[in-house]
Amino acid sequence: MTRLSLTSTPLHQVAADALIIGVARKGRSLVAAPGAETVDKALKKRLESALQALGATGKAGEVTRLATLGATAAPTVVAVGLGDAPGRGETYDAETIRRAAGAAARALAGAKRVATSLNAVNGDGSLADLRAASEGLALGGYAFRAYRHASKAEHRAGIAAASLVVTDAKDKDAKATIDRAAVIGEAVERCRDLVNTPASDLHPADLAAAAVELCGGAGCNVEVLDEKALAAGGFGGILGVGQGAEHPPRLVRVEHAGGTGPAVHLVGKGITFDTGGLSLKPSTAMEWMKADMGGAASVIATMWALAKLRVPVNVVGWLAIAENMPSGTAIRPSDVLTMYGGKTVEVLNTDAEGRLVMADAIVRASEEKPAAIVDIATLTGAALVALGSRLYAVMGNDEDLGAEIRAAAGSAGEQCWPMPLPDELRKSLDSDIADISNMGDRFGGMLVAGLFLRDFVPGGIPWAHLDVAGPAWNEGEAFGYTPKGGTGVPVRTLVEWLSARAR
């Protein structure tokens, strides 16, 4: 985890492995962003021409290294592109700053200390820009090396420490800003670590134990229901999905009692590996299915962050955890499961398992008369088809709740999009023999899955469903502050939204 600090030392005088500045395009020229003035002066006003000679263009995310040859206390200047320079009355937005800081942090992996003025690129050194730059450094300074041995030297750890240059390093609001950014960065890192861990080392009991260790250690109350307790309680969805696996399922309840009034309940899908069950996936579709517990991991990380930040709000997190494996004991297409609460489900496709474990947890959460329920799941491949790999879907039964979450995502720097729940698609979930089936119309599969979950939400409870199948896992190249593999989406949205509710 990258340690964040403030300094009032002029950037060119900070003793570090590298100094990070922002550059931008202005027509056909390259311009240094505000905050780089002392570095440019130390280089005798030749910063921009030197960078252009090295091929720098200012394109967003582009990283260019320049040796300072003793002109600054650091041996290297790293210029990161911000895109087009803003026009009169315009500024760089927070996400541009956040991604630039993340790109620089990734490029400087292995550094012991870096310093930056990216928080000053708009000239005013606002707390919002300080937050964006510090979050970008914390998020970009991530590396998952737990399974590296012979190749460890080729895959360096993230930057150890980063200093941000400000006018007053003792300013309490500035210190609180970077302290919060450090917690957010660590929460996302913990989520990423869980998602990146191979399923051979993260069975349902292990994921439950991680919740006990992380959330319990931060002050949350954690309760774990094992397979015997699940059977006694009638959790037919979770048990049904997990019955084909050697490693039995779990349901975990995590409580952060930080405020007054009814709690918000978060429900996370925790399929530690999804083969599809007897409705077996193609092998290539299975390659990243260790990430099918990303929803549960995000709930664990969110609860940990709320406790660390002491957010004055009551929140309960639910982790519906199972392994979906084919075997002689696995559920079959055409089996009927009796869910928690008594509703019956005809299983037409065992690869539509996430909605089964989520439904059990949603019904259980609803018994506690929550202020709202928000579920988070890598639920459907259809979400990837509809929205691509960088946006997640938000749907539900309460427009105000959905708007709150979308606004929080925008503030946090995560991308989402509202999706409908068309009533005409609900009929496709009708079963010939049970109350509902787990599959419906193959067109609009993301929406059909949302409609299935809606059937398990009692009337009067505001509910939102986040299908994060796309952005929770990055199969492509790293970009900005986002690494390859587990991304930590939507931890930042959830913490931002719950903090806003607390305010």
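The values are calculated or read from the model by the stated rules, or taken from the named source; none is laboratory data. Quick caveat: nothing in here was measured; it's all calculated off a predicted structure. Backbone-built Cβ (ideal geometry, glycine too); neighbour counts: all protein chains shown.
Summary of computed values
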{"read-out": "Criterion: within 20 Å of the chain's Cα centre (by Cα) and under 30 Å from Glu496 (Cα atoms) - qualifying residue of Ala301, Ala257, Ala263, Ala205", "value": "Ala301"}
{"read-out": "Scan of region 156-172 for residues that are outside any loop (DSSP other than H, G, I, E, B) and surrounded by fewer than 15 Cβ atoms within 10 Å (Cβ to Cβ), ordered by number", "value": "Lys172"}
{"read-out": "Which listed residue, of Gly58, Gly22, is under 29 Å from the mean Cα position of the chain (by Cα) and without any contact (Cβ under 8 Å) to a residue 60 or more places away in the chain", "value": "Gly58"}
{"read-out": "Filter result for the condition that a residue is part of a helix (DSSP H, G or I), over 19 Å from the mean Cα position of the chain (by Cα) and in the same structural domain as Leu337 (by TED's automatic domain parsing), over Leu421, Leu494, Leu425", "value": "Leu425"}
{"read-out": "Subset of region 249-299 that is touching a helix residue (DSSP H, G or I) at 6+ places or on another chain (Cβ under 8 Å) and among the hydroxyl-bearing types (Ser, Thr, Tyr) - its residue that is surrounded by the most Cβ atoms within 10 Å (Cβ to Cβ)", "value": "Ser298"}
{"read-out": "Residue match in region 193-210 (condition: within 18 Å of Leu494 (Cα to Cα) and surrounded by 24 or more Cβ atoms within 10 Å (Cβ to Cβ))", "value": "yes"}
{"read-out": "Subset tally (residues that are within 22 Å of the chain's Cα centre (by Cα), surrounded by 21 or more Cβ atoms within 10 Å (Cβ to Cβ) and not in a loop (DSSP other than H, G, I, E, B)) for region 116-150", "value": "12"}
{"read-out": "Among the residues listed as Glu223, Glu186, the single one being under 21 Å from the mean Cα position of the chain (by Cα) and of a type in the set (Asp, Glu)", "value": "Glu186"}
{"read-out": "Of all residues in region 487-503 being buried (at least 24 other Cβ atoms within 10 Å of the Cβ) and either in contact with a Cys (Cβ under 6 Å, 6 or more places away or on another chain) or free of Cβ contacts under 8 Å to residues at least 60 places away in the same chain (or both), the one that is farthest from Arg192 (Cα to Cα)", "value": "Val491"}
{"read-out": "Flag for Met339 being within 18 Å of the chain's Cα centre (by Cα) and either buried (at least 20 other Cβ atoms within 10 Å of the Cβ) or not assigned by TED's automatic domain parsing to the domain that holds Val448 (or both)", "value": "no"}
{"read-out": "Region 298-316 residues that are among the aromatic types (Phe, Trp, Tyr), paired with ones that are part of a helix (DSSP H, G or I) (beta carbon under 6 Å, 6 or more apart)", "value": "Trp304/Ala187; Trp304/Leu214; Trp304/Cys215; Trp304/Ala218"}
{"read-out": "Condition check for Gln13: touching a residue at least 40 places away in the same chain (Cβ under 8 Å) and more than 28 Å from Ile184 (Cβ to Cβ)", "value": "yes"}
{"read-out": "Every residue from region 408-433 that is surrounded by fewer than 18 Cβ atoms within 10 Å (Cβ to Cβ), touching a residue at least 40 places away in the same chain (Cβ under 8 Å) and not polar (S, T, N, Q)", "value": "Asp432, Ile433"}
{"read-out": "Restricting region 1-28 to residues that are modelled with pLDDT of 95 or more and small (Gly, Ala, Ser), the residue that is nearest to Leu66 (Cα to Cα)", "value": "Ala18"}
{"read-out": "Looking only at region 215-231, and only at residues there that are buried (at least 21 other Cβ atoms within 10 Å of the Cβ) and touching a residue at least 60 places away in the same chain (Cβ under 8 Å), the one that is farthest from Pro471 (Cα to Cα)", "value": "Cys220"}
{"read-out": "Filter result for Ala469 (modelled with pLDDT of 95 or more, under 28 Å from Ala187 (Cβ atoms) and buried (at least 22 other Cβ atoms within 10 Å of the Cβ))", "value": "yes"}
{"read-out": "Per-region count, region 259-282, residues touching a residue at least 60 places away in the same chain (Cβ under 8 Å), hydroxyl-bearing (Ser, Thr, Tyr) and more than 16 Å from Leu239 (Cα to Cα)", "value": "1"}
{"read-out": "Subset of region 434-467 (residues that are in contact with a Ser or Thr (Cβ under 6 Å, 6 or more places away or on another chain), part of a loop (DSSP other than H, G, I, E, B), touching a residue at least 40 places away in the same chain (Cβ under 8 Å) and over 24 Å from Pro262 (Cβ atoms))", "value": "Ala434, Asp435"}
{"read-out": "Conditions (1) under 26 Å from the mean Cα position of the chain (by Cα); (2) in a loop (DSSP other than H, G, I, E, B); (3) within 30 Å of Ala146 (Cα to Cα): number failed by Tyr92", "value": "(3)"}
{"read-out": "Matching option when the condition is out of contact with any helix residue (DSSP H, G or I) (no Cβ under 6 Å at 6 or more places or on another chain) and either part of a loop (DSSP other than H, G, I, E, B) or of a type outside the set (A, V, I, L, M) (or both), among Ala56, Ala71, Ala153, Ala104", "value": "Ala56"}
